[in-house]
Amino acid sequence: MKKISIAFVSIVAMASVASAQQKGSGAAPAGGAAAGAKAPAGAGSAAAGAKAGAGAGSAAAGAKAGAGGAAAAPAAPMEMPKPPAEIAAALKAMGARANCTGTGVGPDGKTEVPFKGTMTHKSDLDGWWIHGSLNATMGTGKAAAKFKLEMYQTYDAKMGKWRVSGVSNDGGNMAGTGDMKDGKWESTSDLWTNMGQMMMREHGDMTDKKAGMHMWGEASMDKGKTWNKMYDMTCK
């Protein structure tokens, strides 16, 4: 589109030059009459006509050149960026499926209750995100409740950190960043729940394959002054 615009401007400019030359050629006969014997009548107009013809020819040539240049320019193919290698490596370390057991905090935000569920991981959105799904039961008997969590994480090469976001079936959502090194995970997030806004920090250890992936999380409702344990679980 840029080349077409440039060609169009060139054509207009050259046509303007040709038009000016043609107007000049109209004044030439008067000049020729005043000159008298120096120049035969019509000689000036003939010369101006020749110039005008040359200008018109140049305009036509410019039009052809501009049109040819626009047609010859191929559209550059659009290439999407490729996912960082850290994403596939982390997904391999996490595994596709694991059974999880541990403890979580009950509805009062204080009492610990038994926790049992299944965690799955898969590649999503063309390899750019690890999609984790947790389906679990918290509590026992009639007091038991279903807990579901959908989490996405990707590696940001410019930041040198992981970006994490998630939503749960109790209306909660979180967003934060984390670091993964030598099989260990540390993250901090902002968390919004039906109990209000809070800060969250989570820890993970995947160094012992036999023991499984150990994860635990803490929350703070006073902007990091005090922290309370929210869950502790092992998945393998």
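The values are calculated or read from the model by the stated rules, or taken from the named source; none is laboratory data. These numbers come from a predicted model, not from an experiment. Ideal geometry is used to build each Cβ from the backbone, glycine not excepted, and the neighbour counts take in all protein chains shown.
Here are the numbers:
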item	result
Selected residue (only one of A143, A98 is over 19 Å from E186 (Cα atoms) and modelled with pLDDT of 90 or more)	A98
Leading residue by the ranking (farthest from N135 (Cα to Cα)) among those in region 208-236 that are of a type in the set (A, V, I, L, M, F, W, C), part of a strand (DSSP E or B) and out of contact with any His (no Cβ under 6 Å at 6 or more places or on another chain)	A219
Positions within region 214-236 being surrounded by 12 or more Cβ atoms within 10 Å (Cβ to Cβ) and either modelled with pLDDT under 90 or polar (S, T, N, Q) (or both), in sequence order	S220, N228, T234
Tally of residues being out of contact with any Gly (no Cβ under 7 Å at 6 or more places or on another chain), surrounded by 10 or more Cβ atoms within 10 Å (Cβ to Cβ) and of a type in the set (A, V, I, L, M, F, W, C) across region 75-87	1
Selection from region 193-209 of residues that are surrounded by 14 or more Cβ atoms within 10 Å (Cβ to Cβ) and either touching a helix residue (DSSP H, G or I) at 6+ places or on another chain (Cβ under 7 Å) or of a type outside the set (A, V, I, L, M) (or both)	T193, R201, E202, H203, G204, D205, M206
Total residues in region 159-178, condition modelled with pLDDT of 95 or more and farther than 22 Å from A98 by Cα	9
Single unsatisfied condition, A157 versus (1) over 19 Å from M119 (Cα atoms); (2) of a type in the set (A, V, I, L, M, F, W, C); (3) surrounded by 15 or more Cβ atoms within 10 Å (Cβ to Cβ)	(3)
Residue under evaluation A136, criteria (1) surrounded by 15 or more Cβ atoms within 10 Å (Cβ to Cβ); (2) more than 16 Å from M230 (Cα to Cα); (3) not β-branched (V, I, T), criterion not met	(2)
